[in-house]
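Trainee: What follows is a structure written as structure tokens; I'll ask about it next.
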Amino acid sequence: MGTTDIIVKFILIVIIFLISLVVAMYSTYAERKIAAFFQDRLGPSRAGPFGILQPVADGTKMFLKEEIIPANSSKFLFIVGPSLAIMTACIGSAVIPWGQTLVIGSYHLDLQVTDINVGVLYLFGVVSLGVYGVMIGGWASNNKYSLLGAIRAASQNISYEIAMGLSIIALLMTTGTLSLKEIAAQQHGWHWNVVYQPLGFLIFIICAFAETNRSPFDLPECETELVGGYHTEYSSMKLGFYLFAEYINMFISSAVMSTLYFGGYNFPFMHSLGLSDNWVTILGVVALFAKIFFFIFFFMWVRWTIPRFRYDQLMDLGWKTLIPLAIANIVITGIVLTLIK
Amino acid sequence: MESLSNRRKVLESKPLNFWERAYLPAIVKGLGITMKHFLFTKAVTISYPEQKREFSENFRGMHSLKRDEHGRERCTACGLCALSCPAEAITMISAERKPGEENLYREEKYAAVYEINMLRCIFCGLCEEACPKEAIYLDGDIVPSDYLRKDFIYGKDKLVEAPLNQ
């Protein structure tokens with residue numbers, strides 16, 4: 001890898017980092033606006049035209065708030081919690097193929113930070129790490145509600161990670177590779193994995209809701225029972241980091257869902273349009289982002305539709321329904337694959 | 001017991017069938033309902049300072065001291081409004097009309113100072129009922145907010161109607 005490569009990769013990392021931050025920032029705005037539309041309201045409309053400067057105002061407010069660290073908390077871990085949450089949320093974007101290769105002169109620009117051959121496993125690992133931020137923060141707060149929220153987050157993640165992993169296994173059986181780049185490339189045109197793995201996708205998306213702590217699985221921050229859940233004691237930008245991490249997680253898991261099941265940067269008739277390769281690549285990036293935004297919208301749509309699960313219902317759904325279904329999915333996939341061969 | 005309205009429905013709790021237990025049809029239905037709101041239902045919000053809801057006809061807002069058809073203040077400082085006020089919000093100091101002020105005041109006695117404490121006022125409208133001269137009406141807007149208590153004591157400068165030919 002030459003110096004140019006390193007510089008290009010660095011620039012790409014910065015761009016992707018900025019894009020995820022901006023998307024997360026405007027997800028907060030979109031969430032409020034979409035929530036308002038679902039409830040026949042207007043939503044934020046004062047800061048700038050249609051309220052588009054609202055995230056800036058919110059961010060400024062967060063920075064200007066008083067920083068409170070509880071006297072009896074474990075101060076180091078209290079700070080580590082939100083940092084870990086936002087860091088693990090951000091590093092997931094490294095393996096996602098944002099597009100095909102752009103050819104600029106003689107330089108081939110790969111629109112992916114790194115194509116590691118265990119991409120899916122890496123993503124899975126990062127997602128599992130995400131819960132540590134919540135857990136450590138909730139535990140370090142030395143508050144019963146925070147601790148309960150943290151415990152819920154941990155147990156929820158553990159339960160749903162199994163089903164998620166099992167649904168991915170069925171997917172990997174059909175794709176035969178762990179590299180996200182290859183998985184995306186295989187779903188050329190209309191050959192999206194969701195057609196071959198509808199049940200797997202259903203399980204995956206339910207688990208993705210649970211892993212990102214989004215409603216109806218937002219028990220860790222359940223206001224009615226736990227004040228604020230794991231971030232009860234947090235204030236200022238540390239609270240902002242937790243909330244922000246949730247939106248980045250949403251963005252990343254939307255990207256993962258699009259890549260794994262909805263063809264990533266592929267869109268129908270991509271090579272029969274008669275465009276040059278670079279244009280197809282750029283349109284592919286647009287297509288991927290359209291899919292991502294749809295999934296982000298779907299996250300919010302579900303949030304304002306379904307009420308929160310009770311803790312025991314959550315466990316029932318995870319252990320008694322999703323895991324057996326995922327295993328059945330693997331078995332069926334295996335049988336079908338054997339029959340086809 | 002006999003049902004009088006004939007609308008009583010006996011509900012029996014049946015165990016959920018397979019599709020009900022599968023959640024998904026219900027969730028899809030719910031998503032459809034919320035989407036209907038997202039797409040078709042208009043927001044009911046009224047963006048207040050720019051858009052105002054019309055008051056009902058008998059809305060009682062800020063007081064105004066009326067003038068007669070020649071632009072003279074109608075109030076004669078009889079004090080009936082202050083007397084009728086259950087919240088003790090009204091005070092006034094009366095003065096005698098001097099020669100040459102006939103174009104300013106309708107009666108021979110008038111209110112030199114007339115103050116309503118808007119923090120005390122409960123907008124019951126008893127003052128306008130009590131007034132024999134039809135001088136006070138609660139036909140104004142909502143009393144605006146302010147920072148200091150003393151600024152809520154409205155004097156004649158805020159209460160008296162604008163003169164006719166100005």
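The values are calculated or read from the model by the stated rules, or taken from the named source; none is laboratory data. From a predicted model like this one, the values you see are computed outputs, not experimental measurements. Glycine also receives a Cβ, built like all others from the backbone with ideal geometry; neighbour counts cover every protein chain displayed. Note: areas computed on protein heavy atoms with side chains; ligands, DNA, RNA excluded. Shrake-Rupley method; radii C 1.70, N 1.55, O 1.52, S 1.80 Å.
Trainee: Looking for whichever is out of contact with any Phe, Trp or Tyr (no Cβ under 8 Å at 6 or more places or on another chain), crowded, with 21+ Cβ neighbours inside 10 Å and more than 19 Å from A:N329 (Cβ to Cβ) here; the options are A:L109, A:L166, A:L129, A:L123. Which one fits?
Mentor: Of A:L109, A:L166, A:L129, A:L123, the one residue that is out of contact with any Phe, Trp or Tyr (no Cβ under 8 Å at 6 or more places or on another chain), crowded, with 21+ Cβ neighbours inside 10 Å and more than 19 Å from A:N329 (Cβ to Cβ) is A:L123.
Trainee: Could you look through region A:262-300, keep only residues that are touching a helix residue (DSSP H, G or I) at 6+ places or on another chain (Cβ under 6 Å) and either open to solvent by 40 Å² or more (accessible area, probe 1.4 Å) or in a loop (DSSP other than H, G, I, E, B) (or both), and pick out the one that is nearest to the other protein chains (Cβ to nearest Cβ)?
Mentor: For region A:262-300, the residue satisfying everything is A:F262.
Trainee: List the number of the failed condition for B:H37; all other conditions in (1) within 14 Å of another protein chain (Cβ to nearest Cβ); (2) at pLDDT below 85 hold.
Mentor: Going through (1) within 14 Å of another protein chain (Cβ to nearest Cβ); (2) at pLDDT below 85 one by one, B:H37 breaks only (2).
Trainee: Another question about this same structure. Here are some conditions: (1) open to solvent by 70 Å² or more (accessible area, probe 1.4 Å); (2) in contact with a Phe, Trp or Tyr (Cβ under 7 Å, 6 or more places away or on another chain); (3) not small (G, A, S). B:L11 meets all but one. Which one does it not meet?
Mentor: Among (1) open to solvent by 70 Å² or more (accessible area, probe 1.4 Å); (2) in contact with a Phe, Trp or Tyr (Cβ under 7 Å, 6 or more places away or on another chain); (3) not small (G, A, S), B:L11 violates only (2).
Trainee: Got a sec? Which of A:S45, A:S20 is within 27 Å of A:V302 (Cα to Cα), outside any loop (DSSP other than H, G, I, E, B), touching a helix residue (DSSP H, G or I) at 6+ places or on another chain (Cβ under 6 Å) and not aliphatic (A, V, I, L, M)?
Mentor: Step by step, each of A:S45, A:S20 is checked, and only A:S20 is within 27 Å of A:V302 (Cα to Cα), outside any loop (DSSP other than H, G, I, E, B), touching a helix residue (DSSP H, G or I) at 6+ places or on another chain (Cβ under 6 Å) and not aliphatic (A, V, I, L, M).
Trainee: Across region A:232-254, what is the number of residues that are more than 23 Å from A:W301 (Cα to Cα) and not hydrophobic (A, V, I, L, M, F, W, C)?
Mentor: Residues in region A:232-254 being more than 23 Å from A:W301 (Cα to Cα) and not hydrophobic (A, V, I, L, M, F, W, C): 6 in total.
Trainee: Mind telling me which of the residues B:H63, B:H70 ends up being over 30 Å from A:T305 (Cα atoms), open to solvent by less than 50 Å² (accessible area, probe 1.4 Å) and either out of contact with any Lys or Arg (no Cβ under 6 Å at 6 or more places or on another chain) or more than 14 Å from chain A (Cβ to nearest Cβ) (or both)?
Mentor: Result of the check over B:H63, B:H70: B:H63.
Trainee: Select, from A:T259, A:T224, the only residue that is assigned to a helix (DSSP H, G or I), of a type in the set (S, T, Y), open to solvent by 30 Å² or more (accessible area, probe 1.4 Å) and over 23 Å from B:P25 (Cα atoms).
Mentor: A:T224 is the lone residue from the list that is assigned to a helix (DSSP H, G or I), of a type in the set (S, T, Y), open to solvent by 30 Å² or more (accessible area, probe 1.4 Å) and over 23 Å from B:P25 (Cα atoms).
Trainee: For region B:118-148, which positions are outside any loop (DSSP other than H, G, I, E, B), in contact with a strand residue (DSSP E or B) (Cβ under 9 Å, 6 or more places away or on another chain), open to solvent by 40 Å² or more (accessible area, probe 1.4 Å) and not acidic (D, E)?
Mentor: Listed by number, the list holds a single entry, B:Y137.
Every residue, every condition in (1) open to solvent by 50 Å² or more (accessible area, probe 1.4 Å); (2) touching a Leu at 6+ places or on another chain (Cβ under 9 Å); (3) under 24 Å from A:I248 (Cα atoms); (4) within 14 Å of chain B (Cβ to nearest Cβ), yes or no:
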residue: A:L12; (1), (2), (3), (4): no, yes, yes, no
residue: A:M25; (1), (2), (3), (4): yes, no, yes, no
residue: A:E31; (1), (2), (3), (4): no, no, yes, yes
residue: A:Q54; (1), (2), (3), (4): no, no, yes, no
residue: A:M62; (1), (2), (3), (4): no, yes, yes, no
residue: A:I86; (1), (2), (3), (4): no, no, yes, no
residue: A:G92; (1), (2), (3), (4): no, yes, yes, no
residue: A:V113; (1), (2), (3), (4): no, yes, yes, no
residue: A:I116; (1), (2), (3), (4): yes, yes, yes, no
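Trainee: Moving on to the next point. Condition (residue is out of contact with any helix residue (DSSP H, G or I) (no Cβ under 6 Å at 6 or more places or on another chain), touching a residue at least 12 places away in the same chain (Cβ under 8 Å), outside any loop (DSSP other than H, G, I, E, B) and not hydrophobic (A, V, I, L, M, F, W, C)) applied to region B:67-88: is it met by at least one residue?
Mentor: yes
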